[in-house]
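Shown next, in structure tokens, is the structure this report addresses.
The values are calculated or read from the model by the stated rules, or taken from the named source; none is laboratory data. Just so we're clear, the structure is a prediction, and the values are computed from it rather than from any experiment. All Cβ positions, glycine included, derive from the backbone under ideal geometry; neighbour counts span all protein chains shown. Protein only, heavy atoms only, side chains kept; ligands, DNA and RNA dropped before computing areas. Shrake-Rupley method; radii C 1.70, N 1.55, O 1.52, S 1.80 Å.
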Amino acid sequence: MPNALNPQLRVVGGRAVVNRDWIREFTGASVGSAARWYKIRLEQPAEHRHPEKERIEGSDFYDEKQFRDFYRWFQQDKQDKVLKADPALHELDAEEVVSINRAAELLGFKRASAIRKYLVSNPGYFPDSVGEVEGPTGRLIPAFRVGDLQDFDTKRTGDKLGKVGRRPGAQAEAPVGRPSALEEALAAELGTLAGEEPLTATDLAIRYAAEAIERSGDHPGLARELSVQYGGPQRSWKYVVHTAREQHAAVTPALSDADRRADIALAALRERGDVRGLAASLAREHGGSPDVWSRAVGAARSKLTDPTP
């Protein structure tokens, strides 16, 4: 059984300082998440950085005001990373029905395949179709109620901000044994979904990876980026990204050779920057002529600067 939390708030020199247990009770974060916030503080903006620890009577304390400022920034930063919906979505009548293509546009997805992927790989996460409508080619395609899309967007954009995460202390029907590294890292996020949908840490991690692939494309450093953003070991995120790739491929039409090269070039631009000789390097690494890869790099550049989703 985990030890009970012992939150402490003290006043030192006219300032309020708090211990790690106070932070965990205030945020609902796991011990791993709370420790990680401090560990990566130098990667956070200086004006919103997690406070430095102060040693008081053999225990670590942190400036309360600075921590509250950090946590407000942390919550907003998480919310800002979520795909943004078209404002028109929330202006439509809740009972209106739209096609899967229009639903994808309203929710900020690049393709309708993102919705198909959710329906196949993560049942219960995305609203069910309410019927079919005629698509652009005359073929019947799934349709969705606008009110259901609005509810989905409200949940994913974090409108339920506030005290999040698991309650401190023993949890009813908690699994026996030591939590995995991903469970520790995603404890607060899992807590916000408690009672809504039965998700494991791996399910949630795969969802985050799939959303990252949909938002910015698949690229070699994705597992590392997700590890930095959400916590947890990079090796766990490598498995998660691999699984998300397989699910994405199962519901996404095969890319043309030109699109495939453009995606590789886009990943290279993100990884290496727009360096001189990039097309020639890609030709050596992947085969083909430098001219072909030069066109791929040009297409990738337009994706980096294109403001549309």
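Of the set (1) on the phi < 0 side of the Ramachandran plot; (2) modelled with pLDDT under 70; (3) open to solvent by less than 70 Å² (accessible area, probe 1.4 Å), all apply to S99 but (2). Applying a threshold of 8 Å to beta carbon distances and a minimum spacing of six or more residues, or different chains, the list of pairs starting in region 87-103 at a residue that is closer than 14 Å to V130 by Cβ and ending at one that is in a loop (DSSP other than H, G, I, E, B) reads V97/V130; V98/L92; S99/G135; I100/A112; I100/S129; A103/A112. Quick check, is R116 among the charged types (D, E, K, R), out of contact with any helix residue (DSSP H, G or I) (no Cβ under 9 Å at 6 or more places or on another chain), in contact (Cβ under 8 Å) with a residue 12 or more places away in the chain and surrounded by 13 or more Cβ atoms within 10 Å (Cβ to Cβ)? No: the conditions fail for R116. A search for C-beta distances below 7 Å between a residue of region 125-139 that is under 24 Å from A210 (Cα atoms) and any residue that is assigned to a loop (DSSP other than H, G, I, E, B), counting only pairs 6+ apart in sequence or on different chains, returns Y125/E197. Of all the listed residues (P175, P136, P142), the sole one being modelled with pLDDT of 70 or more, part of a loop (DSSP other than H, G, I, E, B) and either more than 25 Å from W237 (Cβ to Cβ) or open to solvent by 60 Å² or more (accessible area, probe 1.4 Å) (or both) is P136.
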